[in-house]
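> Quick one: this structure, given as structure tokens, is what I'll be asking you about.
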Amino acid sequence: MTNMDAEKGFVSGTISGYAASSSTEKTWLVFQALGNIAFAYSFSMILIEIQDTLKSPPSENKTMKKASLLGIAVTTSYYMSVGCIGYAALGNDAPGDLLTGFGFHNPYWLIDIGNICIAVHLIGAYQVFCQPLFAFIEAWAVQKWPKSEVINHDYRIPLPFSKTFKLNLFKLLWRAAFVVFTTIVAMLLPFFNDIVGLLGALGFWPLTVYYPISMHISQTGLKKWTRKWVALQALNMGCLLISFVAALGSVAGIVIDLKKYAPFQMG
């Protein structure tokens with residue numbers, strides 16, 4: 001796709017996409033892009049948790065199937081529109097983060113509203129995505145140290161005009177430490193496309209492909225080497241390959257960016 005920028009008066013896009021300095025860099029960027037696409041399926045890690053909270057009838061699997069189809073359709077439409085519009089407007093200079101990568105900040109109010117919406121969205125999403133990890137670690141700690149006062153004792157704090165609040169020191173300290181750790185890592189590695197690609201690569205195959213396929217084969221008692229079994233395993237291995245090359249591309253991108261990056265500095 002090419003784009004004639006009416007304001008600048010020259011073509012800012014190319015038919016072959018981003019002009020890399022070498023074929024190797026181009027390959028890494030293609031692999032990284034696969035990881036960015038795979039990141040769209042990151043909801044898979046909380047899909048079972050959400051399904052477990054649904055009431056029936058109708059059956060949970062039917063409700064989640066409709067919700068997944070609708071959610072994926074909306075997400076795909078949104079991602080495609082943002083990608084196409086961004087490339088149409090900026091060509092090869094289109095940044096990974098459209099709100100912060102333009103190089104200008106006008107109109108301020110529009111950029112600020114967009115960033116506020118993203119902050120609200122990510123704060124809620126962070127809480128939802130962390131709950132399974134919190135529950136796993138806390139259950140493991142209770143089982144590991146059943147007599148620990150710090151881990152097992154809840155302090156009741158009375159609140160005005162509300163019910164008594166239960167405070168657990170272990171939950172408070174461990175969750176706060178986890179948030180601080182992830183925040184520091186995010187500040188040390190502010191490479192938007194690279195990190196998104198890596199997270200997408202790590203979560204795509206095991207949670208979106210392998211786990212559902214294994215559950216389906218086990219539940220239906222599908223026999224080995226049948227046509228359907230072979231097709232599912234081919235899909236499984238193909239998606240594993242995609243995750244592998246996407247992870248390679250993202251790690252390569254992080255390594256390249258680290259060579260010219262100074263932590264905690266604007267630039």
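> Which one of Phe181, Phe165 is without any contact (Cβ under 8 Å) to a residue 60 or more places away in the chain, in contact with a strand residue (DSSP E or B) (Cβ under 9 Å, 6 or more places away or on another chain) and aromatic (Phe, Trp, Tyr)?
When all the criteria are applied, what remains is Phe165.
> Got at least one residue in segment 208-218 being farther than 22 Å from Met64 by Cβ, assigned to a helix (DSSP H, G or I) and modelled with pLDDT of 90 or more?
No.
> Filter segment 1-56 down to the residues that are charged (D, E, K, R), modelled with pLDDT under 70 and assigned to a loop (DSSP other than H, G, I, E, B), then identify the one that is surrounded by the fewest Cβ atoms within 10 Å (Cβ to Cβ).
The residue in question is Glu7.
> If I ask for residues that are touching a residue at least 24 places away in the same chain (Cβ under 8 Å) and of a type outside the set (A, V, I, L, M, F, W, C), which ones from segment 227-249 would you list?
Listed by number, the residues that qualify are Asn236, Ser243, Gly249.
> Output the residue which, of all residues in segment 215-266 that are closer than 17 Å to Gly197 by Cβ and of a type outside the set (A, V, I, L, M, F, W, C), is surrounded by the most Cβ atoms within 10 Å (Cβ to Cβ).
Selected residue: Ser250.
> Is it true that some residue in segment 142-159 is closer than 29 Å to Phe43 by Cα, hydrophobic (A, V, I, L, M, F, W, C) and in contact with a Lys or Arg (Cβ under 8 Å, 6 or more places away or on another chain)?
no
> Still on this structure, please answer the following. Here are some residues: Trp225, Trp229. Which one is at pLDDT 90 or above, assigned to a helix (DSSP H, G or I) and over 20 Å from Phe39 (Cα atoms)?
Trp229 is the lone residue from the list that is at pLDDT 90 or above, assigned to a helix (DSSP H, G or I) and over 20 Å from Phe39 (Cα atoms).
> Kindly indicate the residue of segment 84-118 that is of a type in the set (S, T, N, Q) and farther than 22 Å from Ser250 by Cα and also modelled with the lowest pLDDT among those meeting that condition.
Asn106
The values are calculated or read from the model by the stated rules, or taken from the named source; none is laboratory data. Computed from a predicted structure; not experimentally measured. So basically every Cβ, Gly included, is an ideal-geometry build from the backbone, and we count neighbours across all protein chains shown.
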